[in-house]
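Visitor: Starting off with a structure, shown below.
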Amino acid sequence: MSPRFSHVFKFGQRWLNWLNRQPPDSVRTVVMETMVKIMACGTSLMGWSIWRCPDPQCNSEKRVKFTCKSQSCHIVASKLAYNGLTIR
């Protein structure tokens, strides 16, 4: 499995180190919200759905974790591009 995009920001606490060097109240709320979404994207923090086999004899199930739905996230943007949708 390849590393997630958020690992770039988490490695060595890069995001927190950068954030701590900024003057108080200088980082816009939308930036903070987007970063929180990107960090949680594809994890159980965003929630998940469970898909079960309809056959009563089959015990197979799969948990599908939700994405952040943020256009700033490369996972979401690549899915939109794959489906032929454009990002505005």
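The values are calculated or read from the model by the stated rules, or taken from the named source; none is laboratory data. This is a predicted model, so every value here is computed, not measured. With ideal geometry, Cβ positions are generated from the backbone for all residues, glycine too; neighbour counts draw on all protein chains shown.
Visitor: Could you check how many residues of segment 22-58 are under 12 Å from Ser70 (Cβ atoms) and either more than 14 Å from the chain's Cα centre (by Cα) or among the β-branched types (Val, Ile, Thr) (or both)?
Guide: 5
Visitor: Sticking with this structure for a sec: Residues of segment 41-68 being polar (S, T, N, Q) and farther than 30 Å from Val31 by Cβ, which ones?
Guide: Matches in segment 41-68: Gln57, Asn59, Ser60.
Visitor: Just give me the residues in segment 57-77 being out of contact with any strand residue (DSSP E or B) (no Cβ under 9 Å at 6 or more places or on another chain) and either surrounded by 10 or more Cβ atoms within 10 Å (Cβ to Cβ) or at pLDDT below 85 (or both), in sequence order.
Guide: Thr67, Cys68, Lys69, Ser70, Gln71, Ser72, Cys73, His74, Ile75, Val76, Ala77
Visitor: Scan segment 33-55 residue by residue and report those that are modelled with pLDDT of 85 or more, on the phi < 0 side of the Ramachandran plot and not acidic (Asp, Glu).
Guide: Answer for segment 33-55, where residues must be modelled with pLDDT of 85 or more, on the phi < 0 side of the Ramachandran plot and not acidic (Asp, Glu): Trp48, Ser49, Ile50, Trp51, Arg52, Cys53, Pro54.
Visitor: Here are some conditions: (1) at pLDDT below 85; (2) surrounded by fewer than 14 Cβ atoms within 10 Å (Cβ to Cβ); (3) polar (S, T, N, Q). Thr29 meets all but one. Which one does it not meet?
Guide: Unmet for Thr29, out of (1) at pLDDT below 85; (2) surrounded by fewer than 14 Cβ atoms within 10 Å (Cβ to Cβ); (3) polar (S, T, N, Q): (1).
Visitor: Report, by residue number, each residue of segment 33-50 that is touching a helix residue (DSSP H, G or I) at 6+ places or on another chain (Cβ under 9 Å), among the small types (Gly, Ala, Ser) and not in a loop (DSSP other than H, G, I, E, B).
Guide: Ala40
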